[in-house]
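The values are calculated or read from the model by the stated rules, or taken from the named source; none is laboratory data. Just so it is clear, the structure is predicted and the values come from calculations on it, not from any experiment. Every residue, glycine among them, receives a Cβ derived from its backbone with ideal geometry; neighbour counts consider all protein chains shown. Heavy atoms of the whole protein, side chains included, go into the accessibility calculation; ligands, DNA and RNA do not. Shrake-Rupley method; radii C 1.70, N 1.55, O 1.52, S 1.80 Å.
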Amino acid sequence: VNVQLYKSGKQLILLVEDNGKGMDIGLAKGHGIDNIKSRLNIINGKVNFETSQGTTAFVSVPLS
């Protein structure tokens, strides 16, 4: 697992990568991804997932 947290301009960026088997975001069961999106929505943040050989989560939160 690779975790990076940094500031870029007026954004706080969190990048989390693993080298696992990946996942199909559309078929993900449970509420984990929905919880992440809901909590980020409260602070105007966004998350993008990329998956193939492993999964990468890219989270950005605006700084005021």
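Report, by residue number, each residue of region 37-62 that is open to solvent by 70 Å² or more (accessible area, probe 1.4 Å) and either within 14 Å of the chain's Cα centre (by Cα) or of a type in the set (A, V, I, L, M, F, W, C) (or both). Matches in region 37-62: K37, R39, N41, I42, I43, N44, K46, N48, E50, F58. Close Cβ contacts (under 7 Å, 6 or more residues apart or on different chains) running from residues in region 33-50 that are within 17 Å of Q11 (Cα to Cα) and free of Cβ contacts under 8 Å to residues at least 24 places away in the same chain to residues that are open to solvent by 90 Å² or more (accessible area, probe 1.4 Å) and in a helix (DSSP H, G or I) comprise V47/K37.
The set of residues in region 10-29 that are open to solvent by 60 Å² or more (accessible area, probe 1.4 Å), modelled with pLDDT of 75 or more and of a type outside the set (A, V, I, L, M) comprises K10, Q11, E17, D18, N19, K21.
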